[in-house]
1. Looking only at residues that are of a type outside the set (A, V, I, L, M, F, W, C) and in contact (Cβ under 8 Å) with a residue 60 or more places away in the chain in the range 7-21, which one is surrounded by the fewest Cβ atoms within 10 Å (Cβ to Cβ)?
2. Taking Leu21 as meeting all but one of (1) more than 16 Å from the chain's Cα centre (by Cα); (2) modelled with pLDDT of 95 or more, write down the number of the exception.
3. Based on this model, can you work out whether Phe70 counts as out of contact with any strand residue (DSSP E or B) (no Cβ under 7 Å at 6 or more places or on another chain) and under 22 Å from Tyr39 (Cα atoms)?
4. If you scan the range 105-161, which residues turn out to be more than 16 Å from the chain's Cα centre (by Cα) and in the same structural domain as Arg15 (by TED's automatic domain parsing)?
5. Scan the range 3-16 for residues that are more than 16 Å from the chain's Cα centre (by Cα) and outside any helix (DSSP H, G or I) and report the count.
6. Write out, first by first residue and then by second, each pair whose Cβ atoms fall under 8 Å of each other, whose residues are 6+ apart or on separate chains, and whose first residue, in the range 38-52, is assigned by TED's automatic domain parsing to the domain that holds Met1 and among the small types (Gly, Ala, Ser) while the second is part of a loop (DSSP other than H, G, I, E, B) and modelled with pLDDT under 90.
7. Among the residues in the range 86-94, are any modelled with pLDDT of 75 or more, of a type outside the set (A, V, I, L, M, F, W, C), farther than 14 Å from Tyr5 by Cα and in the same structural domain as Glu150 (by TED's automatic domain parsing)?
8. Taking only pairs six or more apart or across chains, which ones have beta-carbon atoms under 7 Å, a first residue in the range 59-70 that is among the aromatic types (Phe, Trp, Tyr), and a second residue that is not in a strand (DSSP E or B)?
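The values are calculated or read from the model by the stated rules, or taken from the named source; none is laboratory data. A quick note: this is a predicted structure, and the numbers were derived from the prediction, not measured. Glycine also receives a Cβ, built like all others from the backbone with ideal geometry; neighbour counts cover every protein chain displayed.
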Amino acid sequence: MKYVYHVTKPRSLARVTEEGLKVNQSVSDKELSFWSSRYYGMRPIFVATAFATIPIYMVGDTIRIDADDFELVADLPSLADLGGRVDFDADTMYFDMGGTDLYSRLRIRDIEGLIPLMDEDHALGIKDLLSDTPVADAAIRATGTAAVLEDIGPEKLWVQE
(Lines give C-alpha, C1' and ligand atoms only; values in the text may rest on other atoms or scores of the structure.)
Protein backbone atom coordinates (compact mmCIF):
# COMPACT_ATOMS: atom_id res chain seq x y z
CA MET A 1 0.00 0.00 0.00
CA LYS A 2 1.15 3.52 -0.80
CA TYR A 3 0.37 6.15 1.85
CA VAL A 4 0.29 9.95 1.79
CA TYR A 5 -0.51 12.38 4.59
CA HIS A 6 -2.78 15.38 5.03
CA VAL A 7 -3.12 17.80 7.94
CA THR A 8 -6.57 19.01 8.92
CA LYS A 9 -7.70 21.47 11.55
CA PRO A 10 -8.86 19.83 14.80
CA ARG A 11 -12.33 21.33 14.41
CA SER A 12 -12.65 19.54 11.03
CA LEU A 13 -11.42 16.11 12.11
CA ALA A 14 -14.81 14.57 12.95
CA ARG A 15 -16.32 15.71 9.63
CA VAL A 16 -13.30 14.48 7.65
CA THR A 17 -13.27 11.05 9.29
CA GLU A 18 -17.02 10.73 8.65
CA GLU A 19 -17.26 12.21 5.13
CA GLY A 20 -13.70 11.97 3.79
CA LEU A 21 -11.59 14.69 2.22
CA LYS A 22 -13.27 16.77 -0.46
CA VAL A 23 -11.86 18.83 -3.31
CA ASN A 24 -13.05 22.43 -3.71
CA GLN A 25 -12.91 23.27 -0.02
CA SER A 26 -12.53 26.96 0.70
CA VAL A 27 -9.05 28.30 1.38
CA SER A 28 -8.05 31.68 2.71
CA ASP A 29 -4.62 31.57 1.09
CA LYS A 30 -4.66 33.83 -1.99
CA GLU A 31 -1.69 32.07 -3.59
CA LEU A 32 -3.39 28.67 -3.33
CA SER A 33 -6.55 30.20 -4.75
CA PHE A 34 -4.54 31.46 -7.75
CA TRP A 35 -3.05 28.05 -8.49
CA SER A 36 -6.38 26.33 -7.93
CA SER A 37 -8.39 28.48 -10.29
CA ARG A 38 -5.73 28.99 -12.98
CA TYR A 39 -4.22 25.51 -13.29
CA TYR A 40 -6.04 22.82 -11.39
CA GLY A 41 -9.54 24.00 -12.30
CA MET A 42 -10.52 23.17 -8.73
CA ARG A 43 -9.15 23.34 -5.22
CA PRO A 44 -7.18 20.08 -4.88
CA ILE A 45 -6.34 18.20 -1.73
CA PHE A 46 -2.65 18.76 -0.97
CA VAL A 47 -0.77 15.87 0.60
CA ALA A 48 2.72 15.02 1.82
CA THR A 49 4.31 11.87 0.44
CA ALA A 50 5.88 10.98 3.79
CA PHE A 51 5.00 11.82 7.34
CA ALA A 52 8.42 13.43 7.72
CA THR A 53 7.80 15.86 4.83
CA ILE A 54 4.78 17.55 6.42
CA PRO A 55 5.78 21.23 6.72
CA ILE A 56 6.48 22.27 10.30
CA TYR A 57 4.03 25.18 10.06
CA MET A 58 1.14 22.76 9.41
CA VAL A 59 -0.59 22.51 12.77
CA GLY A 60 -3.47 20.12 13.23
CA ASP A 61 -4.37 16.47 13.07
CA THR A 62 -2.46 14.32 10.62
CA ILE A 63 -4.40 11.84 8.51
CA ARG A 64 -2.77 8.88 6.77
CA ILE A 65 -4.36 8.16 3.39
CA ASP A 66 -4.31 4.96 1.36
CA ALA A 67 -3.24 6.39 -2.01
CA ASP A 68 -3.30 3.21 -4.10
CA ASP A 69 -6.50 4.07 -5.95
CA PHE A 70 -6.03 7.67 -7.05
CA GLU A 71 -3.64 9.72 -9.11
CA LEU A 72 -1.14 12.10 -7.57
CA VAL A 73 -0.08 15.15 -9.60
CA ALA A 74 2.50 17.86 -8.97
CA ASP A 75 2.03 20.40 -6.20
CA LEU A 76 2.62 23.54 -8.27
CA PRO A 77 2.83 25.98 -5.31
CA SER A 78 5.58 23.84 -3.77
CA LEU A 79 7.46 23.79 -7.08
CA ALA A 80 7.21 27.59 -7.07
CA ASP A 81 8.73 27.52 -3.58
CA LEU A 82 11.70 25.67 -5.14
CA GLY A 83 12.17 28.44 -7.68
CA GLY A 84 9.72 27.46 -10.43
CA ARG A 85 8.24 30.41 -12.34
CA VAL A 86 5.32 30.29 -14.73
CA ASP A 87 5.54 31.35 -18.35
CA PHE A 88 1.87 32.10 -18.98
CA ASP A 89 2.30 32.31 -22.76
CA ALA A 90 4.02 28.94 -23.07
CA ASP A 91 2.03 27.25 -20.28
CA THR A 92 5.25 26.03 -18.69
CA MET A 93 7.06 26.28 -15.39
CA TYR A 94 10.72 27.21 -15.81
CA PHE A 95 13.68 27.34 -13.43
CA ASP A 96 16.56 29.82 -13.40
CA MET A 97 19.59 27.56 -13.42
CA GLY A 98 22.14 30.37 -13.54
CA GLY A 99 22.15 31.46 -9.91
CA THR A 100 25.48 31.12 -8.16
CA ASP A 101 24.47 32.14 -4.63
CA LEU A 102 24.03 29.43 -1.98
CA TYR A 103 20.22 29.62 -2.08
CA SER A 104 20.16 29.08 -5.86
CA ARG A 105 22.57 26.16 -5.63
CA LEU A 106 20.47 24.52 -2.89
CA ARG A 107 17.29 24.93 -4.97
CA ILE A 108 19.00 23.34 -7.97
CA ARG A 109 20.02 20.40 -5.78
CA ASP A 110 16.36 20.01 -4.71
CA ILE A 111 15.16 19.83 -8.32
CA GLU A 112 18.02 17.82 -9.83
CA GLY A 113 15.69 14.90 -10.60
CA LEU A 114 13.66 17.25 -12.82
CA ILE A 115 16.61 18.61 -14.81
CA PRO A 116 16.84 15.73 -17.34
CA LEU A 117 13.11 16.20 -18.08
CA MET A 118 13.37 19.94 -18.78
CA ASP A 119 13.52 21.45 -22.24
CA GLU A 120 16.38 23.70 -23.42
CA ASP A 121 14.80 26.66 -21.58
CA HIS A 122 14.80 24.69 -18.30
CA ALA A 123 11.02 24.45 -18.47
CA LEU A 124 8.43 21.77 -17.78
CA GLY A 125 4.99 21.67 -19.35
CA ILE A 126 2.17 22.42 -16.93
CA LYS A 127 0.06 19.68 -18.56
CA ASP A 128 2.84 17.17 -17.88
CA LEU A 129 3.02 18.26 -14.25
CA LEU A 130 -0.73 17.76 -13.86
CA SER A 131 -0.91 14.30 -15.48
CA ASP A 132 0.31 10.83 -14.62
CA THR A 133 3.73 11.30 -16.26
CA PRO A 134 7.40 10.89 -15.34
CA VAL A 135 7.53 14.71 -15.08
CA ALA A 136 4.81 14.75 -12.41
CA ASP A 137 6.46 11.84 -10.58
CA ALA A 138 9.82 13.65 -10.51
CA ALA A 139 8.14 16.85 -9.29
CA ILE A 140 6.43 14.93 -6.49
CA ARG A 141 9.77 13.43 -5.45
CA ALA A 142 11.41 16.88 -5.55
CA THR A 143 8.81 18.57 -3.33
CA GLY A 144 7.75 15.64 -1.16
CA THR A 145 4.18 16.79 -1.76
CA ALA A 146 1.43 16.22 -4.29
CA ALA A 147 -2.08 17.29 -5.23
CA VAL A 148 -5.12 15.00 -5.42
CA LEU A 149 -7.84 16.03 -7.87
CA GLU A 150 -10.68 13.90 -6.55
CA ASP A 151 -12.54 13.32 -3.29
CA ILE A 152 -11.04 10.76 -0.92
CA GLY A 153 -13.58 8.59 0.91
CA PRO A 154 -13.42 8.03 4.67
CA GLU A 155 -12.57 4.33 4.16
CA LYS A 156 -9.14 5.48 2.86
CA LEU A 157 -8.32 7.60 5.95
CA TRP A 158 -6.72 6.87 9.30
CA VAL A 159 -5.93 9.43 12.00
CA GLN A 160 -2.19 9.35 12.64
CA GLU A 161 -1.43 9.02 16.36
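1. Only one residue fits best here, namely Glu18.
2. Result: Leu21 passes all but (1).
3. No.
4. Of everything in the range 105-161, those that are more than 16 Å from the chain's Cα centre (by Cα) and in the same structural domain as Arg15 (by TED's automatic domain parsing) turn out to be Gly153, Pro154, Glu155, Lys156, Leu157, Trp158, Val159, Gln160, Glu161.
5. 1
6. Listed pairs, sorted by first residue: Ala48/Ile54; Ala48/Pro55.
7. Taking every residue of the range 86-94 in turn, none turns out to be modelled with pLDDT of 75 or more, of a type outside the set (A, V, I, L, M, F, W, C), farther than 14 Å from Tyr5 by Cα and in the same structural domain as Glu150 (by TED's automatic domain parsing).
8. Once the first residue is among the aromatic types (Phe, Trp, Tyr) and sits in the range 59-70, its partners that are not in a strand (DSSP E or B) give Phe70/Glu150.
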